[in-house]
1. Take the residues in the stretch 220-238 that are closer than 10 Å to Pro48 by Cβ and of a type in the set (S, T, N, Q), then tell me which one is surrounded by the fewest Cβ atoms within 10 Å (Cβ to Cβ).
2. Could you pull out the residue among Ile67, Ile102, Ile97 that is on the phi < 0 side of the Ramachandran plot and within 18 Å of the chain's Cα centre (by Cα)?
3. Filter the stretch 277-332 for residues that are buried (at least 19 other Cβ atoms within 10 Å of the Cβ) and either of a type in the set (Lys, Arg) or free of Cβ contacts under 8 Å to residues at least 24 places away in the same chain (or both) and give the result.
4. Under 8 Å by Cβ, and 6 or more places apart or on different chains, what pairs join a residue from the stretch 210-230 that is under 16 Å from Leu122 (Cβ atoms) with one that is not in a helix (DSSP H, G or I)?
5. Please give the number of the condition Tyr255 fails out of (1) surrounded by fewer than 24 Cβ atoms within 10 Å (Cβ to Cβ); (2) under 20 Å from Asn86 (Cβ atoms); (3) at pLDDT below 95.
6. Given (1) of a type in the set (Ser, Thr, Tyr); (2) at pLDDT 90 or above; (3) in a helix (DSSP H, G or I), where does Thr70 come up short, assuming only one miss?
7. In the stretch 259-274, what residues are in a helix (DSSP H, G or I) and touching a residue at least 60 places away in the same chain (Cβ under 8 Å)?
Amino acid sequence: MLKNWRFWLGLVISGGLLVWFMQDIDLAGLADGFALADYGILMLFIFPLAGVYLARIWRWKLLLDSIKPTRFRDAASGTMIGFMANGVLPLRAGELIRPYIITRNTGIKYSSALATVIFVRLLDGFGVMAIFLFSLFVFPIGGMMKMGLAIGVGGVYIAALVMMVLLYRRRDPIARILSAPARLFGKKAREKTREFFIHFGDGLHILNHAHRLWGAIALTVAVIALSIVSYIPVIQAMPFAGETVWFAPAFTFAYVCLGVVFPSAPGFLGIFEAFAFMGITTCSPGIEAAWGAAGLSMAKSFAILIHVTQVLPYIIVGLIFLLREGVSLGELVRGRKKVSVDDALEAFDEDEGEE
């Protein structure tokens with residue numbers, strides 16, 4: 001893992017943003033932000049956040065059910081352990097651990113379960129891009145560079161969705177095309193790659209179940225809406241709440257989601273703080289106008305608090321589910337590399353990355 005360039009790139013990006021975040025900070029203003037916050041109001045975030053994860057679990061279950069009937073508790077275990085792993089392990093390891101938990105508990109092919117994880121991430125991405133672009137077009141803030149970044153990320157999501165639909169509809173020919181580069185590593189590697197994409201396509205059966213697909217889309221709307229609502233108590237708890245605009249929760253949430261697309265240290269350290277700060281201050285310039293430098297430092301205390309409230313709960317709950325599974329994080333990381341012969345490409349990729 002230490003030899004993986006993405007690991008070091010994530011540390012560099014997180015470290016750079018953390019240094020930028022801490023520059024010109026008014027320690028008195030930062031302390032006031034924590035001291036003057038109304039923690040009674042702030043703690044209300046837990047209710048919509050709980051709804052977010054219930055909706056995430058149910059949505060993933062819909063996708064998994066299109067492959068094989070799955071118990072709610074298995075979907076819950078995979079979801080919460082995966083998010084917890086994202087919070088404590090590098091390289092977004094939780095996205096690969098989530099399908100392993102399902103494979104371990106249900107027997108669904110690893111690559112098929114992985115396809116469902118990527119599909120729900122695409123659904124989330126489209127929801128976030130819709131909010132971000134709406135905010136930028138209706139409210140001329142953020143600048144053309146940020147708008148271009150949002151459109152670019154949205155284009156990647158669209159391209160990925162089109163590829164997934166093609167892979168499901170024309171599995172064999174598309175799998176052969178996608179596996180062609182693997183011939184550089186030999187015939188066996190290409191065959192493993194082709195099998196991987198075929199099983200990956202099997203994980204997209206929800207595209208053939210209209211009622212489940214619409215259910216997943218509706219739950220995505222619920223996930224996005226409840227996520228935005230979970231930002232409201234944290235903003236309203238801050239002393240500068242009166243200077244924020246009504247769309248600040250949605251805009252800040254979209255800004256953070258745009259930021260966490262980039263490689264980062266475990267738990268999105270640095271990236272979360274920087275983008276939360278940029279989001280709240282970009283859409284609410286009244287904070288600086290009313291409070292000056294102290295207001296900007298209070299906004300940084302908000303960025304720290306929103307990071308803690310959004311990440312710490314799923315780490316705690318994920319650890320509880322991990323204890324319930326009776327395995328360690330190390331066992332999960334090792335286990336998902338050995339899921340089956342059919343899904344051996346995952347182990348092959350890891351071996352190549354460690355050379």
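The values are calculated or read from the model by the stated rules, or taken from the named source; none is laboratory data. Computed from a prediction, not measured in an experiment: that's the story for all the values here. Cβ placement follows ideal geometry from the backbone for every residue including glycine, while neighbour counts extend to all protein chains displayed.
1. Among those that are closer than 10 Å to Pro48 by Cβ and of a type in the set (S, T, N, Q), it is Ser230.
2. Working: Ile67 fails: within 18 Å of the chain's Cα centre (by Cα); Ile102 fails: within 18 Å of the chain's Cα centre (by Cα).
The match here is Ile97.
3. Passing the criteria: Met278, Thr281, Lys300.
4. Arg212/Ser66
5. With respect to (1) surrounded by fewer than 24 Cβ atoms within 10 Å (Cβ to Cβ); (2) under 20 Å from Asn86 (Cβ atoms); (3) at pLDDT below 95, Tyr255 is out only on (1).
6. Condition not satisfied by Thr70: (3).
7. Selection gives Pro266, Gly267, Phe268, Ile271, Glu273, Ala274.
Quick grid of which residues meet (1) loosely packed, with under 14 Cβ neighbours inside 10 Å; (2) among the aliphatic types (A, V, I, L, M); (3) part of a helix (DSSP H, G or I); (4) under 20 Å from the mean Cα position of the chain (by Cα):
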{"residue": "Phe7", "(1), (2), (3), (4)": "no, no, yes, yes"}
{"residue": "Ile13", "(1), (2), (3), (4)": "no, yes, yes, yes"}
{"residue": "Val19", "(1), (2), (3), (4)": "yes, yes, yes, no"}
{"residue": "Leu30", "(1), (2), (3), (4)": "no, yes, yes, no"}
{"residue": "Ile41", "(1), (2), (3), (4)": "no, yes, yes, no"}
{"residue": "Leu49", "(1), (2), (3), (4)": "no, yes, yes, yes"}
